[in-house]
């Protein structure tokens, strides 16, 4: 007679596809490797099977929320209208408004989109509650505020013995200061977080802010969103000529990408690669061509997760020029910071609190004081001019990744154990 399965059971809730979310995917794999039986309840934006088992993880997918109709119309227009009109639509969608009229229109559209987002999220939460109410789990792990309602309901009903809340962002600061979404998300998070048995987040700044915001008795645990330790060959003593600078990630608003492209008007001994996808790709291509920078600036499009590290290791400097228009961005810890360090790149970053602390503590690169083309160019030119110092930055970045910023080490801070 087979022995009964006595493994602890974990239910992981996510709105989005688990296989496309590196943090959630790594968490599930680490829980499995720790001896837990893991079930993931997620949504299905990519048309994958409704149920499947991957690497021992049982995945149950619900229909993904539909985009707000204005967003669907925007995406359709982006693909069909003439380029000059497409750029106008893109600029209105992505830019910070310059007039009260445009600000009012933009805020009204964003508020309607947010209400649609919340309504769709609550519908998915109710489906999750219905699916799992009759079952028993030792832990329900809620990823972000948009699954916290379902997690709390399952905890109260006894379907889950404990609740862990993993905040990937600083949600009360996700929008501009004073916006309605900030207030709504704060109320939703406040109702759920006080009932959580464990709270986890992505860096110590956000941990402090969450504790103060909600008066938590215990400081949230910090599990930084680092890559798994990579032990393959990395040629960190190599400095290319011209020096290769890399931005990798989403090509969207508030990433400082236009300023980064324009910085290369003042840089002669380096080339920039923008590796990623998003609504600003065409604008950056046009800007590069208009400014005569096409030979220096290369926009290479999307990449798969398996390709990311090979792209990184073929460069010398990784740049993170994020524009801190919200508190969430101001105190963020971009995944690419750790990916670049794992790949042995020197770092050039904007003056944001977490980025600056990591870069300065570990001697991984330099911080530019303003997110302006001239400031970015000055920082990069200083790094490019001193090849030996650049190699030192690269060695320090890789050392920091090997000693501190890798997933296996970070997951030891996870507060629940099977």
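The values are calculated or read from the model by the stated rules, or taken from the named source; none is laboratory data. Model, not experiment: these values are computed from the prediction. Note: ideal-geometry Cβ built from the backbone for every residue, glycine included; neighbour counts use all protein chains shown.
Structure data summary
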item: Flag if residue 176 is assigned by TED's automatic domain parsing to the domain that holds residue 219 and part of a strand (DSSP E or B); result: no
item: Unique match (being over 16 Å from the mean Cα position of the chain (by Cα), within 22 Å of residue 270 (Cβ to Cβ) and either free of Cβ contacts under 8 Å to residues at least 40 places away in the same chain or not in a loop (DSSP other than H, G, I, E, B) (or both)) among 293, 337; result: 293
item: Condition check for residue 328: surrounded by 14 or more Cβ atoms within 10 Å (Cβ to Cβ), under 18 Å from residue 404 (Cβ atoms) and out of contact with any strand residue (DSSP E or B) (no Cβ under 6 Å at 6 or more places or on another chain); result: no
item: Boolean, residue 382 is touching a strand residue (DSSP E or B) at 6+ places or on another chain (Cβ under 6 Å) and either farther than 15 Å from residue 338 by Cα or not in a helix (DSSP H, G or I) (or both); result: no
item: Enumeration of residues in region 200-234 that are touching a residue at least 60 places away in the same chain (Cβ under 8 Å), under 14 Å from residue 144 (Cα atoms) and assigned to a strand (DSSP E or B); result: 200
item: Answer from 272, 284 - the residue that is in a helix (DSSP H, G or I) and free of Cβ contacts under 8 Å to residues at least 60 places away in the same chain; result: 284
item: Residue in region 239-253 that is under 18 Å from the mean Cα position of the chain (by Cα), at pLDDT 95 or above, surrounded by 15 or more Cβ atoms within 10 Å (Cβ to Cβ) and part of a helix (DSSP H, G or I) present; result: no
item: Residues of region 40-58 classified as surrounded by 20 or more Cβ atoms within 10 Å (Cβ to Cβ) and over 15 Å from residue 124 (Cβ atoms), total; result: 1
item: Residues being in a helix (DSSP H, G or I) and either farther than 23 Å from residue 203 by Cα or at pLDDT 95 or above (or both) - total across region 309-326; result: 3
